[in-house]
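Structure first, commentary second.
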Amino acid sequence: MVLKKTKGYQDIDGNLTLPISKGLVDPDTTVPQEIEMASVSVVPDDTFTVTQAVNALGFGWFQVKLSLWTGLCWMADSMEMTILSILSPALHCTWHITRYQQALTTTIVFLGMMLSSTFWGNLSDRYGRKHALSLCAVLLFYYGLLSSIAPSFMWMLLLRGLVGFAIGCTPQSVTLYAEFLPTQQRAKCVVLLDCFWALGACFEVALALIVMPILGWQWLLALSTGPLLAFAMICPWLPESARYHVASGQTEKALETLEKIAKDNGKPMLLGRLVVDDVTLSSPHRGRFRDLLVPSLRRTSLLLWFIWCSCAFCYYGLVLMTTELFESSAIACAEGLRPAQSLDTCAADCKPLQTTDYIDLLWTTLAEFPGIFITIFIIERYGRKKTMAVQFVTYAICCCFLVICPGKRTVLTLMLFLARGIIAGVFQAAYVYTPEVYPTSLRSVGVGSCSAMARLGAMVTPYVAQVLLKTSITFATSTYAVAALLASIACMLLPIETAGKELPENTSEQRQANANT
């Protein structure tokens, strides 16, 4: 318990008061009683939590700055993901790699992300979100830059795997962001953060359109690290999570952060003592993976792992299928099933992406913007669970239309546009729901574990979108439709609907939420 003694604080009810600490003021002083009562209205036992403080201080300039900083991290992550669909065809033409090797180029990135996601989540819960993100930014920039000068395919695999290892920390930026958002604005703001993801994807495609025909993929990789360098430079100014400080027993630092929010937002600080959760302090461990499988969280964790795995499988599968369909959809539709030896194509069969391919890829990437706004509209009205379930079903319907080989390229582009917008909305709804359902001491490792499962789905998807698609379009697209339908069922089986609820501080609050659902 800590009591602030600075002037100009505000109690939870909004009454402007002067903070006086119990025990610091002698009740027998010579100050006249009427003067004391007229100038001070204090409840000595008044307390507040981080959640109450964040809600009382509202959304203001502090959150705007954090949105831009977190969005820059998200934009850099998006660019590294989007480049995967552009890099594989380019490496095929440069080093004569096979289809399986192209798929491996993508898989190795997601393997690094999967292996590191829980590690970064554990690191964030133990040492803070800010320190983990700072280290991540430096490593991601360094290995991304080295990838641009890789002398061989094996070196490229190694360096892209290290890039994936660093990318595994970027979901923690969403955790940090969500912990500073008032309850009423949290869902909309986290979903709007996806605008930076969509912006990064569009910027990467536009950059490829300019750089690839003239300078090649090496310069594209090098120039794509620009946002990473910018984020690494601003990391010293990132705020540390007040919830993390409270969970780790650093109450004074938590109060300093809350005072910073009050100052930036032009609001008076709350009066009283910041309540430190006794359950959190009494626990000698924080951020343990096995705690995600305690009875009160087991069902939620298992379902979320499957949902995230399916979501990444469907999202990145669509991203990779887009360039593959643009490259060879006409041939695939004409032949139906292709012989197995065609998978090991040689350099003579290489077909670099043309200007029209990049333009159509840009159009499908722009679909994420309407997907974001549609998700914002329905996520608060119908809840997180129903939003994800309906969007998964709609995505499955779009995949069914891809089974029918369209005669016109515009029809193919339209179907990909719709599917891309919908699955992007699902991903953001999952990013809203997951931090809301885990308590503070497990929030980062919970998000990290879900991110790790998402990478597992993303590791598998290149062999469907880049290899199986060349054998059978029907089989490949049906695989994505079935995965989406199963994920929709999992969404409805989630035990908790978090819309309009506070972030739980400990597992006891989470158990109470389970009981009330």
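A quick yes/no check of all residues on (1) of a type in the set (Val, Ile, Thr); (2) under 25 Å from the mean Cα position of the chain (by Cα):
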position	(1), (2)
Gly383	no, yes
Gly448	no, yes
Ala454	no, yes
Ser472	no, no
Thr479	yes, yes
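Looking for something among the acidic types (Asp, Glu) and either open to solvent by 10 Å² or more (accessible area, probe 1.4 Å) or within 28 Å of Gly317 (Cβ to Cβ) (or both) - is there at least one such residue anywhere in region 116-135?
No, every residue in region 116-135 fails to be among the acidic types (Asp, Glu) and either open to solvent by 10 Å² or more (accessible area, probe 1.4 Å) or within 28 Å of Gly317 (Cβ to Cβ) (or both).
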Selection status of Val109, modelled with pLDDT of 85 or more, part of a helix (DSSP H, G or I) and surrounded by fewer than 20 Cβ atoms within 10 Å (Cβ to Cβ):
no
Quick one: which residue in Gly161, Gly200, Gly216, Gly144 is at pLDDT 85 or above, open to solvent by less than 20 Å² (accessible area, probe 1.4 Å), at positive phi and not polar (S, T, N, Q)?
Gly216
Would you mind telling me which numbered condition in (1) open to solvent by less than 10 Å² (accessible area, probe 1.4 Å); (2) at pLDDT below 80 Arg409 fails?
(1)
Picking from Ala389, Ala429, Ala396, the residue that is open to solvent by less than 10 Å² (accessible area, probe 1.4 Å) and touching a Phe, Trp or Tyr at 6+ places or on another chain (Cβ under 8 Å) would be Ala396
Per-region count, region 468-517, residues assigned to a helix (DSSP H, G or I), at pLDDT 85 or above and hydrophobic (A, V, I, L, M, F, W, C)
15
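The values are calculated or read from the model by the stated rules, or taken from the named source; none is laboratory data. What you are looking at is a predicted structure, and each value in this text was computed from that prediction instead of being measured. Note: ideal-geometry Cβ built from the backbone for every residue, glycine included; neighbour counts use all protein chains shown. The accessibility values were calculated without ligands, DNA or RNA, using every heavy atom of the protein model including side chains. Shrake-Rupley method; radii C 1.70, N 1.55, O 1.52, S 1.80 Å.
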